[in-house]
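Step one of this worksheet: look at the structure below.
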Amino acid sequence: MTIGAKFGVVAVIGGAPSLRGGYFPSDDIYEDGRHPSQVYFSSAKEDVFRRDFTVNGLLMDPRTNEIVDYVMAALILKKIIRTIVIPTAALMKTSLRMLRAVRFAANLGFDVDPATQNAIEKRGGR
């Protein structure tokens, strides 16, 4: 089922937990602070580096079930929410990322990385 056709996201129905997949997009500038003005195709590695937090950075090859980790997403095991790129740069892309960090931490019982927390506080205070 297509759940985010504009962004190439599909849901795989029938399994637990639910799975989402899609092509590897690369986006343009966020003129409205939330939506990219254009989306392009890219590689899996490029896709991971455009994501917000390491918890969203793990990939799995469905043919081999191999986990691919380009961004130290293994921080999941330490229960830490951290941006993939420099926190101030990650949070400048879209304000929604600040809320996502807090939501991930609250829902998962994780801590927010101190540098990420600091960037959220500075950006949120504007």
Of the residues in the range 104-119, how many are in contact with a Lys or Arg (Cβ under 9 Å, 6 or more places away or on another chain) and surrounded by fewer than 19 Cβ atoms within 10 Å (Cβ to Cβ)?
-> 4
Going through the range 44-92 one residue at a time, which ones are out of contact with any Gly (no Cβ under 9 Å at 6 or more places or on another chain), part of a loop (DSSP other than H, G, I, E, B) and under 22 Å from GLY109 (Cβ atoms)?
-> ASP52, GLY57, ARG82
Where a residue in the range 99-116 is in contact (Cβ under 8 Å) with a residue 40 or more places away in the chain and its partner, wherever it lies, is loosely packed, with under 14 Cβ neighbours inside 10 Å, with Cβ under 8 Å and at least six apart = LEU108/LYS79; PHE110/LYS79
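Among the residues of the range 91-103, is any of a type in the set (S, T, N, Q), at negative phi, at pLDDT below 90 and open to solvent by 30 Å² or more (accessible area, probe 1.4 Å)? Before you say what the answer is, go through the steps one by one.
At the first step, the residues of the range 91-103 found to be of a type in the set (S, T, N, Q) are 94-95.
Those still in the list that are at negative phi too: 94-95.
Adding the requirement that they be at pLDDT below 90 leaves 94-95.
Subset that is open to solvent by 30 Å² or more (accessible area, probe 1.4 Å): 95.
Looking for residues that are of a type in the set (S, T, N, Q), at negative phi, at pLDDT below 90 and open to solvent by 30 Å² or more (accessible area, probe 1.4 Å), one finds at least one in the range 91-103, hence yes.
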Look through TYR40, TYR30 and report the one residue that is outside any loop (DSSP other than H, G, I, E, B), more than 15 Å from the chain's Cα centre (by Cα) and either at pLDDT 90 or above or surrounded by 11 or more Cβ atoms within 10 Å (Cβ to Cβ) (or both).
-> TYR40
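The values are calculated or read from the model by the stated rules, or taken from the named source; none is laboratory data. Because the structure is a prediction, the values reported are computed rather than measured. Counting neighbours? That spans all protein chains shown, and the Cβs are built from the backbone with ideal geometry, glycine included. Side chains are part of the model used for accessible areas, which takes the heavy atoms of the whole protein and leaves out ligands, DNA and RNA. Shrake-Rupley method; radii C 1.70, N 1.55, O 1.52, S 1.80 Å.
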